Structure formats: C-alpha cells, structure tokens
Amino acid sequence: MKVGILALQGDVGEHARVLADLGADPIEVRAPEELAGIDALVLPGGESTTMSMLLESSGLFDPIADRLAGGMPAFGTCAGMILLATEVLDGRRDQRCFGAIELSVRRNAFGRQVDSFESDLDVSDVVGGPMRAVFIRAPVVALAGEGVDVLATVAVGGAPTPVVCRQGSVLVAAFHPELAGDWRLHELFLSNVGSGGDGPAR
Ligand code: GLN
C-alpha cells in the first residue's frame with residue numbers, strides 16, 4: 001500500500017523508515033500531484049504553524065482536505081494531530097486545520113517546565129500493552145467531540161487528557177510514536193488502509 005507522508009517540514013524521515021519497516025510503500029508528498037497515488041496519509045510532528053503556511057503555498061491544503069473528506073485514512077502525530085483537528089487554540093491567527101477529527105487542541109499546552117517528557121501510556125485495549133510515549137512541545141486536547149474514541153490519556157493537573165484518539169479512519173497521537181521504537185500505532189493505522197482507495201466519509 002502506498003502511504004503518503006506530508007513532507008513540507010518535520011520528522012518525515014522517521015515516519016518513512018517505520019512505514020517501510022512495516023512493509024508499506026512510503027511516498028513523500030510535497031505537491032498536489034503526489035496525492036493521486038496514495039492510499040493514506042501521515043502528518044508528522046514538527047511545527048504546525050509552518051506546515052499550515054506551506055500547505056497553502058504548495059497548493060496542498062484544499063486537495064488534502066478533499067481526500068480527507070472522502071474518507072482517506074490519516075495518522076497525525078503531534079503537529080500532525082493539530083493539523084487534523086477542528087479547532088486550534090493558541091495557534092497563529094491565520095493557521096488552518098483540516099477538521100478531520102472532532103478535536104479542539106491547544107498548542108504547547110503541557111506547560112513550559114514539561115515541554116518535553118516521557119510517559120507510559122495504557123493503550124492495552126487497542127495495542128495489547130503499555131506504550132512509552134515521547135512528548136515534545138505537545139498539544140493538549142481541550143475538547144473531544146462525541147464521535148471521538150479516546151484510546152489513551154495522561155493526567156494533566158489531575159484530569160485525564162486524551163493523547164491518542166480515533167474517529168473513523170483518522171488516528172492521532174499528541175506524542176511521537178515514530179521516535180520511541182514502538183510501531184504499534186503505525187500498525188493500527190495501516191490495518192485500516194485498504195488497497196481500493198478511499199472508503200466512505202465519516
Ligand atoms: N508545538 C508544535 C506545534 O505547535 C508541535 C510540536 C511537535 O510536533 N513536536 O506545531
């Protein structure tokens with residue numbers, strides 16, 4: 001299966017290696033014509049404000065939005081999660097997002113002292129055991145819509161905050177699974193990618 005990786009900025013190479021390890025065919029996407037051949041899209045970590053600007057200048061924003069509306073499976077990590085959300089809090093005023101998963105996310109909201117941290121997540125139900133997660137200036141989910149499955153949380157100020165979420169064929173993680181040597185979320189994502197093109201929209 002051909003899996004695109006949005007390759008405008010961010011940790012593209014890490015995702016490409018994981019996908020290739022898992023037997024997929026990673027395709028770096030920098031221009032609209034490169035979307036035609038892909039079955040699914042990974043949106044990597046990096047800087048969502050920069051990616052938003054580059055999505056506009058490259059002409060990729062609208063064609064990706066169309067594919068997502070058509071049900072193309074997508075996996076967003078950290079900045080990629082921000083791009084897939086419906087609302088971005090504390091973003092740039094002109095920052096855009098795809099609205100592919102009903103989440104309101106606040107950028108860099110884990111707080112300065114814990115801009116980067118690691119945590120053991122309980123994602124046993126979906127991937128069969130705990131998962132080490134690397135958070136780097138990660139977004140916090142301020143609100144998850146009713147249709148969103150929360151697959152893992154971390155405690156923020158005592159309250160469980162979603163860090164792995166899924167809605168239809170869209171999977172997001174607030175952290176960087178591509179950096180922790182554990183590919184089970186990528187496997188979960190790929191298990192949802194058929195060979196026959198986009199499925200029904202959610
Ligand atoms: N803080 C970044 C942003 O707002 C995300 C950081 C990351 O992807 N590691 O886009």
Item to complete: Please order 58, 191 by the number of other Cβ within 10 Å, starting at the fewest.
Response: 191, 58
Fill in: Total charge dipole magnitude, the chain, about the Cα centre, Cβ charges on Lys, Arg, Asp, Glu only, Debye to nearest 20
380 debye
Worksheet item: Given a cut-off of 14 Å, what percent of all Cα-Cα pairs of segment 1-64 lie beyond it?
Response: 52 percent
Worksheet item: Taking amide H positions as placed 1.01 Å from N in the peptide plane, with prolines and chain starts having none, which residues 5 or more places from residue 121, or on another chain, fall under 5 Å of its amide H?
Response: 131, 132, 133
Discussion item. Can you sort 68, 54, 171 from fewest to most other Cβ atoms within 10 Å of each residue's own Cβ?
Written reply: 54, 68, 171
Worksheet item: Short version: ³J(HN,Hα) in whole Hz for each residue of segment 97-109, in order, from phi by Karplus 6.51 cos²θ - 1.76 cosθ + 1.60 (θ = phi - 60°), x for Gly and Pro, what are they?
Response: 9, 7, x, 8, 9, 6, 9, 9, 10, 10, 5, 6, 8
Worksheet item: In sequence order, what are the phi-derived ³J(HN,Hα) couplings for segment 188-194 according to the Karplus relation 6.51 cos²θ - 1.76 cosθ + 1.60 with θ = phi - 60°, rounded to whole Hz, with x for glycine and proline?
Response: 4, 4, 5, 5, 9, 9, x
Practice prompt. Give me the percent of DSSP beta bridges within segment 75-152 that run antiparallel, rounded to the nearest 5.
Written response: 75 percent
Practice prompt. In nm, give the distance between the simple-model label positions of residue 28 and residue 143, each being 7 Å from the Cα along the Cα-to-Cβ direction.
Written response: 3.8 nm
Worksheet item: On the first, second and third principal axes, largest extent first, how far apart are the outermost C-alpha atoms of the chain in Å?
Response: 45, 40, 31
Worksheet entry | Whole-number percent relative contact order across the chain, with pairs defined as alpha carbons under 8 Å at least 6 apart | 21 percent
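So what is the relative contact order of segment 7-127, in percent, for Cα pairs below 8 Å that sit 6 or more residues apart? Present the calculation step by step, with values, prior to reporting the outcome.
Working: 149 pairs, mean separation 24.8, N = 121.
Normalised by residue count, the contact order of segment 7-127 is 21 percent.
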Item to complete: Would you mind telling me the antiparallel percentage of the DSSP bridges in the chain, rounded to 5?
Response: 55 percent
Response to the item:
Long-range amide H partners of residue 161, meaning residues 5 or more apart or on another chain whose placed amide H is closer than 5 Å, are 154, 155, 156
Discussion item. Please arrange 131, 53, 81 by how many other C-beta atoms lie within 10 Å of their C-beta, fewest to most.
Written reply: 53, 131, 81
Worksheet item: So, by mean Cβ neighbours within 10 angstrom, what's the order for 136-146, 154-164 with the highest one leading?
Response: 136-146, 154-164
Practice prompt. Calculate for the chain the 222 nm mean residue ellipticity that helices alone would give, adding -39,500 (n - 2.57) per DSSP H run of length 4 or more and normalising by residue count, nearest 500 deg cm²/dmol.
Written response: -6000 deg cm²/dmol
Worksheet item: Counting only residues 5 or more places away or on other chains, whose amide H sits under 5 Å from the amide H of residue 95 once H atoms are built in the peptide plane?
Response: none
Item to complete: Provide the per-residue ³J(HN,Hα) series for segment 135-146, in order, calculated from phi with Karplus coefficients 6.51, -1.76, 1.60 and θ = phi - 60°, each as a whole number of Hz, with x at glycine and proline positions.
Response: 9, 10, 6, 7, x, 9, 6, 7, 7, 10, x, 4
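Read-outs: derived from the displayed coordinates by stated rules, not from any lab. Remember, predicted model here, so these are calculated numbers, not experimental data. Counting neighbours? That spans all protein chains shown, and the Cβs are built from the backbone with ideal geometry, glycine included.
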